[in-house]
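*Asks:* Mind having a look at this structure? Questions to follow.
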Amino acid sequence: MAMDDHSTLGVRRDALTVVVTNPGPGVVVVAARGEIDLATCQKWSTLLLEALAPPPPGVLVADLTEVSFLSSPGINTLAQVDAKAAGVGTGFRVVGGHRVVRRPLELMGLAGHLRLFDSCAQALDAG
C-alpha cells in the first residue's frame, strides 16, 4: 500500500473539514464534516477552543451534522469545550441528531449533559 505524509494505513489524515462561521452577532458555528478521530481531533479541538477566545461569543454551536465518525477524543473535546464555555459565560450547543453522534454521547453519559439538537437551525433558535 502506498503511503505519503497525508495518510496512515491508507486513511487520509485530512478526513476532517472544519468551517467556522458567524451567522449573527455573538454567535459562532464550528461545523465539522468527516471523521473526528485521533488523527483529526487536534484540528477540531483547536478551532472550537479558539472560538471561545476573548471576547467569547454568547453562543457557540458545534455542528456535527456531517460527521461520519466520532471517537472518544472527539467526545472528550466536546466535554472540555462545554466546561470552558460555561466558565466564560458562553452557551454551548451541539448539533448531531443522527446515530453516529448521539449513540457515542449516550454511551459516554454526555447526551444528558450537553445541549443536543437535531439541526443547526434548532440550536440557533434555542434560548
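The values are calculated or read from the model by the stated rules, or taken from the named source; none is laboratory data. Model, not experiment: these values are computed from the prediction. Every residue, glycine as well, gets a Cβ built from its backbone with ideal geometry; the counts of neighbours run over all protein chains shown.
*Asks:* Go through (1) of a type outside the set (D, E, K, R); (2) surrounded by 15 or more Cβ atoms within 10 Å (Cβ to Cβ); (3) touching a Phe, Trp or Tyr at 6+ places or on another chain (Cβ under 9 Å) and name the single condition Ala86 misses.
*Replies:* Of everything listed in (1) of a type outside the set (D, E, K, R); (2) surrounded by 15 or more Cβ atoms within 10 Å (Cβ to Cβ); (3) touching a Phe, Trp or Tyr at 6+ places or on another chain (Cβ under 9 Å), Ala86 misses just condition (2).
This table checks each residue for (1) crowded, with 17+ Cβ neighbours inside 10 Å; (2) modelled with pLDDT under 95; (3) closer than 18 Å to Leu110 by Cβ.
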| residue | (1), (2), (3) |
| --- | --- |
| Thr21 | no, no, no |
| Ala32 | yes, no, yes |
| Ile36 | yes, no, yes |
| Ala62 | yes, no, yes |
| Ala79 | no, no, yes |
| Asp82 | yes, no, yes |
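*Asks:* Still on this structure, I have one more. Between residues in segment 96-120 that are touching a residue at least 24 places away in the same chain (Cβ under 8 Å) and in a helix (DSSP H, G or I) and residues that are of a type in the set (A, V, I, L, M) and surrounded by fewer than 17 Cβ atoms within 10 Å (Cβ to Cβ), which pairs lie under 8 Å by C-beta distance while being six or more apart or on different chains?
*Replies:* Leu105/Ala111
*Asks:* Next question. Looking only at segment 42-60, filter to residues that are free of Cβ contacts under 8 Å to residues at least 40 places away in the same chain and closer than 12 Å to Gly26 by Cβ; which one of those is surrounded by the most Cβ atoms within 10 Å (Cβ to Cβ)?
*Replies:* Out of the qualifying residues, it is Leu60.
*Asks:* Can you tell me which residue within segment 61-80, out of those that are over 10 Å from the mean Cα position of the chain (by Cα) and either touching a residue at least 60 places away in the same chain (Cβ under 8 Å) or not in a helix (DSSP H, G or I) (or both), is nearest to Ala32 (Cα to Cα)?
*Replies:* Glu66
*Asks:* Checking Gly127 against (1) surrounded by 13 or more Cβ atoms within 10 Å (Cβ to Cβ); (2) at pLDDT below 95; (3) closer than 21 Å to Pro56 by Cα, which test does it fail?
*Replies:* (1)
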